[in-house]
Amino acid sequence: MKKKFLFVCLVAAVSVAGFSQKVPTYLDDSKPIEQRVAAALAAMTLEEKVALCHAQSKFSSKGVPRLGIPELWMSDGPHGVRAELLYDEWSQANWNNDSCTAFPALTCLAASFNPDLAHLYGTAIGEEARYRNKSVLLGPGVNMYRTPLNGRNFEYMGEDPFLASRIAVPYIKGVQSIGVAACVKHFALNNQENWRMNVDVNLSDRALREIYLPAFKAAITEGKAWSLMGAYNKFRGQHCCHNDLLLNQILKKEWKFDGVVISDWGGTHNTQEAALNGLDLEMGTNTNGMTASIANSYNSYYLANPFLQELRSGKMDVSIVNDKASRILRLIFRTIMDRKRPFGSLATPEHAAVARKIAQEGIVLLKNDQQTLPISPSVKSIAVIGENATRSMTVGGGSSELKVKYEVSPLEGIKSRFGKTATIDYSLGYGSGKYQYDKVAPSPYDALKLRTEAVAKAAKAELVVFVGGLNKNSEQDCEGRDRVSYGLPFEQDLLLTEILKVNPHVVLVLISGNAVEMPWIKEVPAIVQAWYGGTESGNAIADILSGDINPSGKLPFTFPVKLEDNSAAAFGEIAYPGDAKTHKQEYKDDILIGYRWHDTKAIKPLFAFGHGLSYSSFQLSGFATSKPSYQAGDSIVVSVQVKNTGKYDGAQVVQVYASQTKSSVMRPKKELKAFQKVFLKPNEAKKVTIKIRTKDLAFFSESAKDWKLESGEFVLHIGTSSDNIVKSIPININ
Ligand code: BGC
């Protein structure tokens with residue numbers, strides 16, 4: 001017995017030694033990734049390859065257990081790492097180790113006009129994802145802001161493709177520097193929530209190329225994103241998660257994307273198209289289409305058994321699954337199998353500091369008459385009014401909701417900053433219902449009683465800080481449905497008007513990811529757009545209100561005076577939300593969205609794209625371009641001197657827009673081509689030089705189906721917002 005045992009041990013030792021001498025190529029990280037991918041693929045069965053191409057749980061997909069290749073775990077995105085959910089259900093798993101940092105919403109990041117902050121954001125959220133063992137972070141979102149009614153605008157980066165590109169690229173690089181894949185979403189044209197599963201968008205190639213694709217293109221070709229999520233909606237009759245033009249022709253052929261196309265959860269609709277039109281990994285399919293599933297239905301996914309049958313029968317060539325499996329293996333090698341990737345960290349003071357800094361720099365001072373802000377230290381009583389002063393904004397909103405370690409509310413922030421020098425009296429003022437996904441919960445409050453109480457408190461205070469706006473409820477800033485009106489909800493207009501009658505000293509802090517109508521605008525002396533600020537929201541708001549931090553954010557989208565002034569609203573139902581019967585939609589506003597529309601059609605906005613005030617003042621002078629005329633391929637260098645002429649440390653964003661004087665096609669009045677944020681002490685001046693590539697002045701020609709740069713005069717408009725151009729300089733392109 002003893003002898004036999006020794007013999008077995010010997011055999012085992014020899015075989016273990018033999019094994020360790022011959023590490024298979026796919027496990028050998030001294031080998032290039034492509035070689036490892038090929039080696040892994042060669043070692044896999046057909047069944048194992050297909051198993052890579054679909055979910056195995058709500059947020060994971062299989063690895064290759066036999067070969068030691070690990071599973072892929074994914075998480076929303078894009079503002080923090082979402083709580084753990086149950087394996088096969090949508091409810092939270094109630095772990096006690098998954099509370100995260102909430103970073104400000106992407107609209108706020110975009111409003112910072114600061115790509116360096118986008119890199120910090122990406123790195124910090126990447127570290128949190130890494131700590132939580134996620135290989136894919138489902139974000140950032142770079143769909144364009146086309147209508148202020150879109151329920152998901154808060155997850156995107158505004159209405160300008162150039163701005164969104166400059167912010168998305170460093171975010172992605174930051175995330176991926178930690179060995180976590182960014183997943184850019186939702187490709188493409190997911191610009192509204194109404195009928196999002198089947199609205200069928202049609203638009204010109206020019207609008208597609210000039211407005212809706214550039215941020216995705218930058219994310220792939222410059223940011224080198226390792227994964228991308230298809231959108232729910234259709235584009236020209238085909239669902240975006242298996243859209244030949246978008247995925248095969250543009251993304252994979254033209255932009256040479258070598259990563260993984262992941263479906264949006266429930267965005268896959270048939271095996272043929274999914275297999276052939278560019279989808280690689282199918283997630284979230286439900287057996288009833290969208291909302292419910294029989295337990296563990298993963299083998300009936302379109303890219304599971306039905307796909308396997310097509311391959312086994314020879315109806316589909318094995319090269320199709322080989323391509324998908326290779327992409328998924330490449331993603332696994334880039335992330336969870338990268339032994340050298342850094343470790344992460346979760347909900348650290350450093351991440352909170354990053355969140356606070358981004359919130360501070362993203363907050364936009366919209367209006368500040370009579371130097372209402374910063375709040376004078378002599379103010380002895382402040383009435384804080386409004387539900388948003390205390391309501392959590394990390395709960396709700398849909399898939400981007402977060403379970404946070406903490407969230408400083410505006411009221412807490414205001415109390416801790418001003419509580420020593422002033423009495424702070426809080427009143428709810430108005431109230432909405434509890435958050436419910438896809439349902440509008442009724443308010444449990446007596447609106448009149450709340451209003452009367454608030455107005456009485458306002459009358460007694462020296463200053464009123466009204467904290468209102470939207471929230472993360474359904475039909476507000478929330479996934480699944482669009483807003484139903486442009487005005488403020490829950491009778492806030494009425495409340496505000498009544499407050500103004502008893503006390504004109506009102507500072508309005510708007511918490512939202514969208515523009516809102518402001519019928520009382522003339523009466524309110526100071527307005528601050530504070531977005532969804534995450535974990536440090538309340539502190540960042542207090543930093544701005546007190547003047548501890550000088551505001552420097554700029555609007556990443558236009559605030560129209562009224563909804564009808566918005567481009568998507570100007571062409572009737574067919575343009576937004578689409579035909580009620582067929583769900584077909586035509587983007588008749590074409591390339592003229594946002595400020596392009598307002599400028600070109602001379603429709604004065606309430607607040608213009610790029611607008612944002614400071615407590616300091618700045619002077620721009622010494623404008624010059626490197627030459628008066630350029631050849632195609634050149635770079636244009638614009639230089640300008642910026643001086644802080646006020647009393648506070650502060651920052652100004654120099655914005656350069658371009659227009660073409662005479663063109664063979666309609667061109668917008670002007671388009672953003674470059675920007676630079678400059679930080680200056682009082683009296684300090686800096687010379688800023690900004691580069692613009694001549695090719696960025698081209699338009700997409702419908703007839704040539706290519707970019708075209710015409711000779712002739714162009715004008716560069718330099719200013720501090722789209723409606724404050726200080727200098728226009730003509731140049732020539734030969
Ligand atoms: C959303 C995606 C999200 C996914 C997973 C979908 O409903 O559209 O943005 O990443 O769910 O939660």
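The chymotrypsin sites (Phe, Trp or Tyr not before Pro) of the stretch 303-396 that meet both conditions, a loop assignment by DSSP and at most 14 other Cβ atoms within 10 Å of the site Cβ, are PHE343. Is there a pair in LYS62/LYS224; LYS367/LYS501; LYS224/LYS673; LYS173/LYS581; LYS31/LYS256; LYS367/LYS439 whose C-alpha atoms are over 31 Å apart, and which pairs would that be? Beyond 31 Å: LYS173/LYS581; LYS367/LYS439. Close amide H pairs (under 5 Å, H built 1.01 Å from N) link PHE235 with VAL201, CYS240, residues at least 5 positions away or on another chain.
Our Cα-only numbers for the chain put the radius of gyration and Dmax at 27.0, 98 Å. When the helices of the chain are scored as -39500 (n - 2.57) per DSSP H run of n ≥ 4 and the total is divided over every residue, the value at 222 nm lands at -7500 deg cm²/dmol. Derived value for the stretch 618-733: Kirkwood hydrodynamic radius 15.0 Å. Basis is the mean of 1/r over every pair of different alpha-carbon atoms. Taken one residue at a time, the phi angles of the stretch 300-310 give Karplus couplings (6.51, -1.76, 1.60, θ = phi - 60°) of 9, 4, 4, 9, 10, 3, x, 5, 4, 4, 4 Hz. Gly and Pro are set to x. Taking all protein chains as shown and a probe of 1.4 angstrom, ASP706 keeps an accessible surface of around 80 Å². Taking a ≥ b ≥ c as the square roots of the eigenvalues of the alpha-carbon gyration tensor, the stretch 552-637 is classed oblate because a/c is 1.5 or more while a/b is no larger than b/c. Exposure check, 1.4 Å probe, all protein chains in place: PHE257 carries approximately 10 Å² of accessible surface. Counting heavy atoms of the protein chains alone, GLU84 has an accessible area of about 20 Å² for a 1.4 Å probe.
Put LYS22, LYS439 in order of accessible area, highest first, and with a 1.4 Å probe you get LYS22, LYS439.
Might you tell me the accessible area per residue for the chain, computed with a 1.4 Å probe and given in Å²? It would help to have the intermediate numbers written out before the result.
On the way: 27710 Å² over 734 residues.
The answer is 38 Å² per residue.
Using just the Cα positions, wrap the stretch 350-555 in a convex hull and report its mean projected area in square nanometres, one decimal place.
So the mean shadow area of the Cα hull is 10.8 nm².
Remark: accessible surface ordering of GLU684, GLU412 (largest first) is GLU412, GLU684, probe radius 1.4 Å.
On the chain, 54 percent of the accessible area sits on carbon and sulfur atoms, based on a 1.4 Å probe.
How do SER135, SER416, SER91 rank by accessible surface area computed with a 1.4 Å probe, from largest to smallest?
These residues rank, largest area first, as SER416, SER91, SER135.
Here each label is just a point 7 Å from Cα along the line to Cβ, and for ASP88 and ASP323 those points are 3.3 nm apart.
Exceedance of the 23 Å cut-off in Cα-Cα distance is limited, within the set LYS647/LYS691; LYS670/LYS727; LYS357/LYS670; LYS669/LYS708, to LYS647/LYS691; LYS357/LYS670.
Take every Cα pair under 8 Å whose residues are at least 6 apart in sequence, average their separation, divide by the length of the stretch 350-555, and the relative contact order is 36 percent. For trypsin sites (Lys or Arg not before Pro), the sites in the stretch 559-650 that DSSP calls loop and that have at most 11 other Cβ atoms within 10 Å are LYS581. Couplings 3J(HN,Hα) for the stretch 532-538, derived from phi with the Karplus relation 6.51 cos²θ - 1.76 cosθ + 1.60 (θ = phi - 60°), are 10, x, x, 3, 9, 3, x Hz, where x marks Gly and Pro. Farthest toward the dipole's positive end in the stretch 618-733, which of SER728, LEU620, ALA704, given Cβ charges of +1 (Lys, Arg) and -1 (Asp, Glu) about the Cα centre? Value: LEU620.
The values are calculated or read from the model by the stated rules, or taken from the named source; none is laboratory data. Everything numeric here is computed off the predicted structure, so don't read it as measured data. Using ideal geometry, Cβ is built from the backbone for each residue, glycine included, and neighbour counts are taken over all protein chains shown. When the accessible area is computed, the model is the full protein with side chains, heavy atoms only, and any ligands, DNA or RNA have been set aside. Shrake-Rupley method; radii C 1.70, N 1.55, O 1.52, S 1.80 Å.
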